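Asker: Right, I'll just put the structure down here and ask away after.
The values are calculated or read from the model by the stated rules, or taken from the named source; none is laboratory data. These numbers come from a predicted model, not from an experiment. Every residue, glycine among them, receives a Cβ derived from its backbone with ideal geometry; neighbour counts consider all protein chains shown. These accessible areas exclude ligands, DNA and RNA; they are computed on the full protein's heavy atoms, side chains included. Shrake-Rupley method; radii C 1.70, N 1.55, O 1.52, S 1.80 Å.
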Amino acid sequence: MHGSGNSDLNKGLLKGLRNKGSAVEAEPASGAPLSGDRLTAIAAEFERSGSGWFWETDGRGNIVYLTAEIAELFGKSPEMLPHTLFSSLFLTDLGGDGSAPRNLSLLFGGRKTFAGLTVRAALEGSEVYWVLSGRPQFDAAGEFIGYRGSASDVSEVRKAENETSRLAEFDSLTGLSNRHRMQRKIDAMLTAFRAAKRVCAVMMIDLDRFKAVNDTFGHKAGDELLRQVSARIKRVFDTTAEIGRLGGDEFQVLLPDYDDRGRLGEIAKKVIAMVTQPYQLEEGRCMIGASVGIAIAPYDGVTSEEIVHSADIALYAAKNGGRGQFRFYSSELQSESHLRKVLESDLREALEAGQLAIEYQPIVSASTDKVIAMEALLRWYHPERGKIPPDVFIPIAEESNLILRIGEWVIRKACADAAGWPEEVRVCINLSEQQLIAEGLAHLVSNAITQAGIHPDRVEMELRESVHFSEGDATERELNAMRRLGVRLSLDDFGTGASSLGYLRRAPFETIKIDPSFLRGALREDSRNADLIGALVALAKALGMQTVAEGIEAMDELALVREKGVDLVQGFAYSPPIAADEVDEFLSGQGWEIKPSGPEKQRSERRKLYQKIHVIHEDHLYDVILRDLSRTGAMIQGLLDVPVGTQFVVDFGEGQLAIARVLRSHQDQQGVEFETELVEDGAGGLVTRNRVSPYALAAAGMPLAQLPPGQYPLAEQAGDQKMLTMPRFGVRNLKAKLEY
Ligand code: C2E
Ligand code: MG
Ligand code: MG
């Protein structure tokens, strides 16, 4: 035996062990007590067997004796041992999910006998666990002189235990938390955070097209793909996030202290971008996508069921929205389908009730400013909801096939109106795909033209880029029949869809209308769209087509499209759409020539809207209509003559409040600028970064609950309990609340 072993010590140790019963119990031979030599031999044998070892310290905790194999394991020579604290051989943290280890030095300080203490060796790269027992030693005078004890190896048992608890908590494929653990974490966090008035976000991530890869390449490849996906997802989040795989291709992330929707949207975009990169698998390369739904507690739910349900609804909406997208939960996601149903039934009556009308927007020659054509744009004046934009009701009309009746009315009315304009001015009419698929469109157009008594050449049919047709199908037959009539065809919204230049060659278009979104991109510095516009114009010319730039508002845009050689221009820079009965009055006075005017530069892009919202000014809550919205500001309608500079709060509903200042004011319309920019909602819309916290509302007497839908919070009185009413927040108060 080497190390610092000496037989006296072994004897002493064994005696202690035998008497006090520890983890290592030396069985005395039956009958005669063990003699000193035999004891030493047995102890040595025991040490050699590797099943256990002995230790002894002095009063300060330094090692006096250590079984040689163990000293070697730690690379300690016999000379080093007296200068080594026994406790330094062990990690203070057991690792895994074990209970917090009791501190050895603390135990020693208490001078108590102990047994069954699990410790982990402070050895890098190996996982060795022992169970220690020890007993304080005192000299004849009763002075404490150190500890003696023994230890045995429990590494295997311990590792097995760790593995079992890991399996119960973690997903064996990816190592991420499993559903059970996520559920527990969310529960725990919501409970703790409610007391601390803290927020947290739950993100649901679902892979798109994962099933296809699994089916094509097999399950082994599918598993490998999931491992790679989880590695990528992990890289997006910081260490505070708890990431789990709930099963299949569904992931969940819990983000403590996140409620900034700007930041969350950025993170979601990053997740989608990372997951969408190609994967290299043994079986081949593949690509998948991801959809993300986000809900934030306490705004979208205060219990774990509520918040997970909300995140699920948001995920579902993201998937329905065309995949590869993210969505924040909002109660509107639930009621959108309801609103569509209501509008659809109202729309059935609209035509007979005389609620539909057409406005005309001039299309002007870029070189002469002469009006070349007028585009018919359908309007719906709803008796209760006011003017509803076509972007909202045309899709509803298309889905319910109402578009056939409405479309026929538009064609007849537009042709009749055009009869009253100068001969050289054309009329442009928008078509839906349904009208082309249904039989008899060319016949109808021919009939309308004859009745109006105009030349077919003056009629131009606009088809959206998304219209699909293939050789010999009904759509193509109708298009050709219209061409034979002498009617012109135009491709609308070019640059928004995926139409190829091949499409241009196949379809018999006279005109291509370049979508504003394409153009807006062109004015950004890094954009190649300006070159593309040039190329498109050149190609159109080669194919004998005219080009129209749509949605031209600012003078820099007009200059760009003129420079690129675009033939015709349509947009607010020349004229907004005007009511049918005002066309003559408006244009004949100017000789059907319009001088362009507008801002020098394009403002940040505005999104067309129709939505009832509220404005809070001092003690009052006003109903207004949101006409127009961008990140930086909005156009609202419904307040009369508000002075420029007035500050108020715009309430978008669901606790979304934005402080705004009036920049422009004209009769009942105000252009306002937000103090804090809005952020994208993932659905092409905008939302406020933060919302009024339900905690703040709870403090003001409202029960703690997720934010109620619709206008918010409702000015209500329940019994004698006065509920929080919006007007009670002054602008200043709100400001304080918004700045958390
Ligand atoms: P579109 O055919 O691309 O019509 C151009 C849209 O851009 C119109 O929106 C017009 O008001 C708007 N616009 C024109 N100049 C500017 C500008 O300078 N700036 C901005 N921001 N917008 C400008 P509107 O009237 O809301 O119509 C939207 C869409 O609804 C139309 O897009 C068209 O696709 C569809 N639509 C309108 N009328 C009909 C119709 O009778 N039948 C069918 N099937 N669709 C229609
Ligand atoms: Mg159009
Ligand atoms: Mg268009």
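Asker: Which residue pairs have Cβ atoms under 6 Å apart, sit 6 or more places apart or on different chains, and have a first residue in region 598-617 that is open to solvent by less than 50 Å² (accessible area, probe 1.4 Å) and a second that is more than 16 Å from ligand 2 (Cβ to nearest atom) and at pLDDT below 60?
Answerer: His614/Gln711; Ile616/Met726
Asker: Being out of contact with any helix residue (DSSP H, G or I) (no Cβ under 7 Å at 6 or more places or on another chain) and outside any loop (DSSP other than H, G, I, E, B) is the filter; apply it to region 434-450 and report the residue that is farthest from ligand 3 (Cβ to nearest atom).
Answerer: Among residues in region 434-450 that are out of contact with any helix residue (DSSP H, G or I) (no Cβ under 7 Å at 6 or more places or on another chain) and outside any loop (DSSP other than H, G, I, E, B), the one farthest from ligand 3 (Cβ to nearest atom) is Thr450.
Asker: Please find, within region 626-646, the residue that is farthest from the chain's Cα centre (by Cα) out of those that are of a type in the set (D, E, K, R) and assigned to a strand (DSSP E or B).
Answerer: First pass over region 626-646, keeping only residues of a type in the set (D, E, K, R): 627-628, 631, 641.
If we keep only those that are assigned to a strand (DSSP E or B) too, we end up with 627-628.
Working: Arg627: 26, Asp628: 24 Å.
Checking each candidate, the answer is Arg627.
Asker: A further question follows. Please go through region 188-222 and pick out each residue that is of a type outside the set (A, V, I, L, M, F, W, C) and open to solvent by 60 Å² or more (accessible area, probe 1.4 Å). Write out each step before concluding.
Answerer: Residues of region 188-222 that are of a type outside the set (A, V, I, L, M, F, W, C), as a first pass: 191, 194, 197-198, 206, 208-209, 211, 214-216, 218-220, 222.
Thr191, Arg194, Lys197, Arg198, Arg209, Lys211, Asp215, Thr216, His219, Lys220, listed by residue number.
Asker: Checking the structure you have, find out if any residue of region 138-148 is among the charged types (D, E, K, R), assigned by TED's automatic domain parsing to the domain that holds Gly52 and part of a strand (DSSP E or B).
Answerer: Of region 138-148, the ones among the charged types (D, E, K, R) are 139, 143, 148.
So of that shortlist, the ones also assigned by TED's automatic domain parsing to the domain that holds Gly52 come out as 139, 143, 148.
Going one step further and asking which of them are part of a strand (DSSP E or B), we end up with 148.
Scanning region 138-148 turns up at least one residue that is among the charged types (D, E, K, R), assigned by TED's automatic domain parsing to the domain that holds Gly52 and part of a strand (DSSP E or B).
Asker: How many residues are surrounded by fewer than 18 Cβ atoms within 10 Å (Cβ to Cβ) and not in a strand (DSSP E or B) if we restrict to region 647-679?
Answerer: 5
Asker: Quick one: in region 232-253, of everything that is open to solvent by less than 60 Å² (accessible area, probe 1.4 Å) and free of Cβ contacts under 8 Å to residues at least 40 places away in the same chain, which residue is farthest from Leu264 (Cα to Cα)? Walk me through it before giving the result.
Answerer: Here is the first cut: in region 232-253, the ones open to solvent by less than 60 Å² (accessible area, probe 1.4 Å) are 232-233, 236-237, 241-253.
Of the ones still in play, those that are also free of Cβ contacts under 8 Å to residues at least 40 places away in the same chain are 236-237, 241, 248.
Working: Val236: 12, Phe237: 11, Ala241: 12, Gly248: 24 Å.
For region 232-253, the residue satisfying everything is Gly248.
Asker: Can you go through Lys112, Lys185 and tell me which one is farther than 30 Å from Arg235 by Cα and basic (Lys, Arg)?
Answerer: Numbers: Lys185 fails: farther than 30 Å from Arg235 by Cα.
None of the others qualify; the one that does is Lys112.
Here's the yes/no breakdown for (1) in the same structural domain as Thr547 (by TED's automatic domain parsing); (2) open to solvent by 10 Å² or more (accessible area, probe 1.4 Å); (3) away from ligand 1 (no atom under 16 Å from the Cβ):
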| residue | (1), (2), (3) |
| --- | --- |
| Val364 | yes, no, no |
| Ser367 | yes, yes, yes |
| Val371 | yes, no, no |
| Glu399 | yes, yes, no |
| Ala416 | yes, yes, no |
| Pro456 | yes, yes, yes |
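Okay, residues lined up against (1) surrounded by 21 or more Cβ atoms within 10 Å (Cβ to Cβ); (2) more than 16 Å from ligand 2 (Cβ to nearest atom); (3) among the β-branched types (Val, Ile, Thr):
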residue: Gly551; (1), (2), (3): no, no, no
residue: Asp556; (1), (2), (3): no, yes, no
residue: Ala559; (1), (2), (3): no, yes, no
residue: Lys564; (1), (2), (3): yes, yes, no
residue: Val569; (1), (2), (3): yes, no, yes
residue: Glu582; (1), (2), (3): no, yes, no
residue: Gln590; (1), (2), (3): no, yes, no
residue: Lys595; (1), (2), (3): no, yes, no
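Asker: Among the numbered conditions (1) within 27 Å of Val275 (Cα to Cα); (2) crowded, with 18+ Cβ neighbours inside 10 Å; (3) of a type in the set (S, T, N, Q), tell me where Ser172 comes up short.
Answerer: Looking at each condition in turn, Ser172 falls short on (2).
Asker: Please verify whether Arg412 is away from ligand 1 (no atom under 11 Å from the Cβ), open to solvent by 10 Å² or more (accessible area, probe 1.4 Å) and under 38 Å from the mean Cα position of the chain (by Cα), treating the condition exactly as stated. Please lay out each step first, then the result.
Answerer: Working: away from ligand 1 (no atom under 11 Å from the Cβ): yes; open to solvent by 10 Å² or more (accessible area, probe 1.4 Å): yes; under 38 Å from the mean Cα position of the chain (by Cα): no.
No; evaluated as a whole, the condition is false for this residue.
Asker: Further question: At least 3 residues that are open to solvent by less than 10 Å² (accessible area, probe 1.4 Å) and assigned by TED's automatic domain parsing to the domain that holds Asp238 in each: list the strands (runs of 3 or more DSSP E) lying fully within region 263-322 that qualify. First the steps, then the outcome.
Answerer: Working: elements: 279-281, 284-286, 289-297.
Of the strands (runs of 3 or more DSSP E) lying wholly inside region 263-322, those with at least 3 residues that are open to solvent by less than 10 Å² (accessible area, probe 1.4 Å) and assigned by TED's automatic domain parsing to the domain that holds Asp238 span 289-297.
Asker: Follow-up. Considering only strands (runs of 3 or more DSSP E) fully contained in region 336-433, which possess at least 2 residues that are of a type in the set (S, T, N, Q)? Spell out the reasoning first.
Answerer: Details: elements: 356-365, 371-382, 386-388, 426-431.
Here the list reads 356-365.
Asker: Does Leu444 satisfy the condition of being of a type outside the set (Asp, Glu) and within 13 Å of ligand 1 (Cβ to nearest atom)?
Answerer: Considered against the rule, which asks whether it is of a type outside the set (Asp, Glu) and within 13 Å of ligand 1 (Cβ to nearest atom), Leu444 comes out as no.
Asker: Need pairs with beta-carbon distance below 8 Å; first residue farther than 17 Å from Ala290 by Cα and within region 254-269, second surrounded by fewer than 16 Cβ atoms within 10 Å (Cβ to Cβ); sequence gap 6+ or separate chains.
Answerer: Once the first residue is farther than 17 Å from Ala290 by Cα and sits in region 254-269, its partners that are surrounded by fewer than 16 Cβ atoms within 10 Å (Cβ to Cβ) give Leu255/Thr240; Pro256/Thr240; Asp257/Thr240.
Asker: Okay, moving on. Here are Ala115, Ala141, Ala71: which of them is modelled with pLDDT of 90 or more and surrounded by 15 or more Cβ atoms within 10 Å (Cβ to Cβ)? Step through it out loud before you land on a result.
Answerer: Details: Ala115 fails: modelled with pLDDT of 90 or more; Ala141 fails: surrounded by 15 or more Cβ atoms within 10 Å (Cβ to Cβ).
Sole residue among the options that is modelled with pLDDT of 90 or more and surrounded by 15 or more Cβ atoms within 10 Å (Cβ to Cβ): Ala71.
Asker: Out of Thr547, Thr496, which single residue is touching a helix residue (DSSP H, G or I) at 6+ places or on another chain (Cβ under 8 Å), polar (S, T, N, Q), within 14 Å of ligand 3 (Cβ to nearest atom) and at pLDDT 90 or above? Spell out the reasoning first.
Answerer: Numbers: Thr496 fails: at pLDDT 90 or above.
Checking each option against the conditions leaves just Thr547.
Asker: For the list (1) out of contact with any Ser or Thr (no Cβ under 7 Å at 6 or more places or on another chain); (2) surrounded by 21 or more Cβ atoms within 10 Å (Cβ to Cβ), I need the number of the one condition that Leu356 fails.
Answerer: (2)
Conditions (1) under 25 Å from Phe170 (Cβ atoms); (2) of a type outside the set (A, V, I, L, M), marked per residue:
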{"residue": "Asp215", "(1), (2)": "no, yes"}
{"residue": "His219", "(1), (2)": "yes, yes"}
{"residue": "Leu246", "(1), (2)": "yes, no"}
{"residue": "Ile267", "(1), (2)": "yes, no"}
{"residue": "Glu283", "(1), (2)": "no, yes"}
{"residue": "Ile288", "(1), (2)": "yes, no"}
{"residue": "Ile294", "(1), (2)": "yes, no"}
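Asker: Shifting gears a bit: Cβ contacts < 6 Å: first residue modelled with pLDDT under 85, restricted to region 505-531; second residue surrounded by 13 or more Cβ atoms within 10 Å (Cβ to Cβ) and of a type in the set (Lys, Arg), any location; separation 6+ or different chain. Result?
Answerer: Qualifying pairs under 6 Å: Pro508/Arg483.
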